[in-house]
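Take a look at the structure below.
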Amino acid sequence: MRDRWLIDGHCLGEGATARLQVRDPASDQTIASVPLAGAEQAHACVQAASRALVTWRAQGPAHRAEPLTATAEALVRDLDRLARLIKIGRAHV
């Protein structure tokens, strides 16, 4: 999946030649290489988000709260691990 973008449920960008090296800020080592997106992909993302917003707005508050609640629960569950990662990152700043 690192070689493509997921836009509006479709995998795009296979064969993209321009790439971005993703670096670990703590060590400055390259940890991934991802295809760069251009204006066409940015426009497709904005259009997909606009369409998704219509559906999102139509959902009730309880339904919209579900992913936020799940995120909050995951943060609490992984708090110690996240704290260690933050501490490692700060040590290298």
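Give me the pairs: first residue in region 22-36 and without any contact (Cβ under 8 Å) to a residue 12 or more places away in the chain, second residue among the basic types (Lys, Arg) and not in a loop (DSSP other than H, G, I, E, B), beta-carbon distance under 7 Å, and six or more apart or on different chains, which are they?
29/23; 30/23; 31/23
Under 30 Å from residue 88 (Cα atoms) and not hydroxyl-bearing (Ser, Thr, Tyr): which single residue out of 64, 19 fits that description? Working first, answer last.
On the way: 64 fails: under 30 Å from residue 88 (Cα atoms).
Only one candidate passes the filter, namely 19.
Looking only at region 30-61, filter to residues that are closer than 19 Å to residue 20 by Cα and part of a helix (DSSP H, G or I); which one of those is most open to solvent (accessible area, probe 1.4 Å)? Before the answer, list the steps.
If we filter region 30-61 for residues that are closer than 19 Å to residue 20 by Cα, which is where we start, we get 30-42, 45.
Filter once more, so that each one left must be part of a helix (DSSP H, G or I): 39-42, 45.
On the way: 39: 86, 40: 146, 41: 45, 42: 53, 45: 63 Å².
The extreme case among them is 40.
Return only the number of the condition from (1) under 30 Å from residue 87 (Cβ atoms); (2) under 19 Å from the mean Cα position of the chain (by Cα) that residue 29 does not satisfy.
The number of the failed condition is (2).
Filter region 4-22 down to residues that are open to solvent by 70 Å² or more (accessible area, probe 1.4 Å) and assigned to a loop (DSSP other than H, G, I, E, B), then give me how many there are. I'd like the intermediate steps shown before the answer.
Kept after step one, since they are open to solvent by 70 Å² or more (accessible area, probe 1.4 Å), are these residues of region 4-22: 4, 6, 8, 10, 12, 14, 17, 19-21.
Those left that are additionally assigned to a loop (DSSP other than H, G, I, E, B): 4, 8, 14, 17.
Of the residues in region 4-22, 4 are open to solvent by 70 Å² or more (accessible area, probe 1.4 Å) and assigned to a loop (DSSP other than H, G, I, E, B).
The values are calculated or read from the model by the stated rules, or taken from the named source; none is laboratory data. From a predicted model like this one, the values you see are computed outputs, not experimental measurements. Here Cβ is always computed from backbone atoms with ideal geometry, including for glycine, and neighbour counts include all displayed protein chains. Ligands, DNA and RNA are stripped out before the accessible areas are found, and what is left, the full protein with its side chains, is counted by its heavy atoms. Shrake-Rupley method; radii C 1.70, N 1.55, O 1.52, S 1.80 Å.
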